[in-house]
Structure formats: C-alpha cells, structure tokens
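Each remark here refers to the structure printed beneath this line.
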Amino acid sequence: MKIIAAIKDMRSVVRDLRSQGKTIGLVPTMGCLHEGHLSLIRESVKKADSTVVSIFINPTQFGPAEDFKEYPREMRQDIGILEKEGVDYLFAPEAEEMYPEGYKTYVEVSDFQDRLCGRSRPGHFRGVCTVVLKLFNIVDPDISFFGQKDAQQAIVLEKMVQDLDLEVKIEVLPIIREEDGLALSSRNTYLSPEERKAALVLSKSLNAAQGMIEKGERDSESLIRRMKEILNGEPLAKIDYIEIVDIDNLNPLTKIENKTLIALAVFIKKVRLIDNVIIHIKE
Ligand code: PAF
C-alpha cells in the first residue's frame, strides 16, 4: 500500500490510474478503523479497480467544545489493517495540507444540515461537506462508500452530490453492530465498561420501536414515547434527540411510512452516541 500525504502526489496517482482506465473507490475515514469501516473498504476493494482510503481527522467538522483533541488516533494500527485488506492507497494529509493558512471556502447543504444532529452540532455538516467535496476533487472517485450509522451524513452528502452535479456514486452500507446490538463507532472507545453496558439502551429503544411497527403501530408520537421510556430508564443516558423523519428530505413524519428513518442521539455520561434504523413497511 502506498501512503500519500500531499495533494499533488495523490492527484498524480489518480492521473496514472485514469490513464490505465482503472476505476477508483474512495472510503473517507477519520481513522481508528473498526469493522464498520472494514465493511466499506471490502466493498470498495470488491467493486473498484483501485481503492483509496483517506484518514483525516477533519478539524472543521468539530465544534469548539467537541472532542477534536481527544479523538482516537491509531495511525500505525490502521496502516496494518489497511495493508491486510488489500487497500492500494492511503491518503493521509496533514490539516495544513487540506486547510492552508487563509483558507476561506465552505460547502453548505442548507436546511438538511440544520436538522437532527445539526441542531446540537452547528457547523458539523458544513465541515463534513467541505472536506468530502475536497476529497472528491482530489481523488476523483467513481464510487465512494459511507456507513448508514451516520444516516444524516449520508443523506446530506447525497444531496450535495446531486445539487453540485458531481459524478461520484455514493454507496451507503448497513450499520455493523456488536453481538449485543451496540452500533460500532470510534467513539465507543471512550466508554467505560459501565457506560458501554448503558449504551445498549440506544439499540434497545430502536428495537422496541421496530417491534411496535411490526405489530402495526404507525403513530410516531407513541413510538417516541416508548423509546423515551426505555432511554430515560437508564440513569447514565441523556437524550439529545429522537426523530422520526422522511429519509428523502429529513422532514418529520407524524405517521410511519415506507422508508422512514428513526434516528437518535444520546449522551452516555459525556459520550454522545448516535444510532438509527430505516423502516421498510411491507403492505
Ligand atoms: O464519517 C466520518 O468519519 C467523517 O465524517 C468523514 C466522512 C470521513 C468526513 O470527515
């Protein structure tokens, strides 16, 4: 695997690949790789001729009071994982390479970026869109892979691709969970054993909602009420939001329809975790 830090070197590799007629898959990450990332990487290795994984802890998507400084950095371990997975290129620029002094340009997907997580993380999706558009410009991928765990991120990025006429195809792959239901996340490394146990309330509340829907419940308020009961029953949990929305535009739904997204963010003590489920109704 070739490790690349400079934008100009990445571009010259891309030019080379293009001249050989090769397709490029891009998996953007912030490192601290887990099975969730690996599912994206394996899909890219399978589908594209060459796979580029980026590791860049993007400062512009963290708020001033958020965990940018503490965010887990595991570069050596990540390189070993990527080599084993048959990744062709690791693009790992420094912050100054992506945002040199005097940097001024940002991308916003208005409205979508202000909902759900955007309400408690103002500026987060502006940072995500900006860095992902820069990565798309640098790596010029045919396909780029994202996880359903960050459902709103995937929806916002799909909108950006559509609105800006980008040629890249976005592929969103299912959430990978631990056996007990906890959705994999690099932030799970922050949890103490006691908090790790408490964090199971997120998937438990989603499972309960799904169970109610399977039995015929369609009323969003009743579902949210039940989810709140479960989450509030865990003393270490504090709800940031629970939302039931249309997956195409993130508009709140009072009644469950096909392709409804149920999403939540919950603090387990200081650690903010997110999880979600997409409801497919067979009628
Ligand atoms: O999902 C992530 O890890 C990040 O938001 C991403 C897409 C790599 C952009 O920094």
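What to note about this one:
- As a summary of the residue check, Ala209 satisfies the conditions (1) in a helix (DSSP H, G or I); (2) more than 16 Å from the ligand (Cβ to nearest atom); (3) surrounded by fewer than 17 Cβ atoms within 10 Å (Cβ to Cβ); (4) in contact (Cβ under 8 Å) with a residue 12 or more places away in the chain except for the one numbered (3).
- Each residue in the stretch 76-93 was checked for being touching a residue at least 40 places away in the same chain (Cβ under 8 Å) and closer than 21 Å to Asp49 by Cα, and 12 pass.
- Hits in the stretch 75-89 - residues which are surrounded by 14 or more Cβ atoms within 10 Å (Cβ to Cβ) and either on the phi > 0 side of the Ramachandran plot or away from the ligand (no atom under 16 Å from the Cβ) (or both): Ile79, Glu85, Asp88
- Only residues that are in contact (Cβ under 8 Å) with a residue 40 or more places away in the chain and open to solvent by 90 Å² or more (accessible area, probe 1.4 Å) were counted across the stretch 249-283, and they come to 2.
- Check on Ala183, out of contact with any helix residue (DSSP H, G or I) (no Cβ under 8 Å at 6 or more places or on another chain) and small (Gly, Ala, Ser): no
- The numbered conditions (1) closer than 17 Å to Ala95 by Cβ; (2) away from the ligand (no atom under 11 Å from the Cβ); (3) of a type in the set (Ser, Thr, Tyr) are all true for Ser19 except (1).
- When the helices (runs of 4 or more DSSP H) confined to the stretch 101-172 are screened for residues that are within 13 Å of the ligand (Cβ to nearest atom) and open to solvent by less than 30 Å² (accessible area, probe 1.4 Å), those reaching at least 3 such residues are found at 124-139, 151-163.
- Among the residues listed as Gly31, Gly25, the single one being within 14 Å of the ligand (Cβ to nearest atom) and touching a helix residue (DSSP H, G or I) at 6+ places or on another chain (Cβ under 7 Å): Gly31
- When residues of the stretch 173-202 are limited to those that are polar (S, T, N, Q) and over 28 Å from Lys47 (Cβ atoms), the one least open to solvent (accessible area, probe 1.4 Å): Ser192
- For the stretch 46-74, a tally of residues being more than 19 Å from the chain's Cα centre (by Cα), among the aliphatic types (A, V, I, L, M) and either crowded, with 19+ Cβ neighbours inside 10 Å or within 15 Å of the ligand (Cβ to nearest atom) (or both) returns 1.
The values are calculated or read from the model by the stated rules, or taken from the named source; none is laboratory data. On a predicted model such as this, the values are computed, not experimentally measured, just so you know. Positions of Cβ are generated from backbone atoms using ideal geometry, with glycine treated the same way; all protein chains shown enter the neighbour counts. We work out accessible area using only protein heavy atoms, side chains counted, and drop any ligands, DNA or RNA first. Shrake-Rupley method; radii C 1.70, N 1.55, O 1.52, S 1.80 Å.
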